Every structure is written in structure tokens, then in C-alpha cells.
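K.L.:
Got a structure here, written out as C-alpha cells. Questions coming.
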Amino acid sequence: MVAFMASAMLRNGVHHAAHVLSEMNRWLGEYEYVSIQQMCGSMSHGAVTDPTAFERGNYMKVLGSYTLRTNVFND
């Protein structure tokens, strides 16, 4: 995340940090979160009633995002 933010600030200027913070606060309000800590806590493994469902959901997300890459050494 640090690299992404640094890249965005290099591309858009240091004022971009204020824009990111504003958008994050807007998103938190839209989804009725009081803080980033609350959001992280609600998305943690320990916060769910059925941890196995949480694990399956994450596993399915990973499988769904997989793309087969060709061998970069064979041009």
C-alpha cells in the first residue's frame, strides 16, 4: 500500500493525499463505519460467526482472480 500511495502522490502531487483521505472518509460514512479500525475489525477472521465460510469465500475470490500467464522466457 505504501508503494501505491507513493506512486499516486508522485504522479498527482502531494495534495493527492488529501483527496484519498476525503474519499476514504466518504466511503466509511456511506457504509456506516465510524473508523478504519472498525472496518478492519469487521473484516477480520475473528469477527465472523463461521470462520470456515470466511476462509471459503477468500479461497473462492483467489480462484476467481487467477489468470494463466504464458511463460515470459519463451518469446
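The values are calculated or read from the model by the stated rules, or taken from the named source; none is laboratory data. Not measured: the values here are computed from a predicted model. Cβ: placed from backbone, ideal geometry, glycine included. Neighbour counts: every protein chain shown.
K.L.:
Is there any pair linking a residue in the range 50-67 that is without any contact (Cβ under 8 Å) to a residue 24 or more places away in the chain to one that is outside any helix (DSSP H, G or I), with Cβ under 8 Å and at least six apart or on different chains, and which?
P.N.:
PHE54/VAL48
K.L.:
Give the range 1-50 a look and list any residue that's surrounded by 10 or more Cβ atoms within 10 Å (Cβ to Cβ), not in a helix (DSSP H, G or I) and not hydroxyl-bearing (Ser, Thr, Tyr), or say none.
P.N.:
Within the range 1-50, GLY13, MET43, VAL48 qualify.
K.L.:
VAL72 fails exactly one of the following numbered conditions: (1) at pLDDT below 80; (2) loosely packed, with under 10 Cβ neighbours inside 10 Å; (3) under 19 Å from the mean Cα position of the chain (by Cα). What is the number of that condition?
P.N.:
VAL72 satisfies every listed condition except (3).
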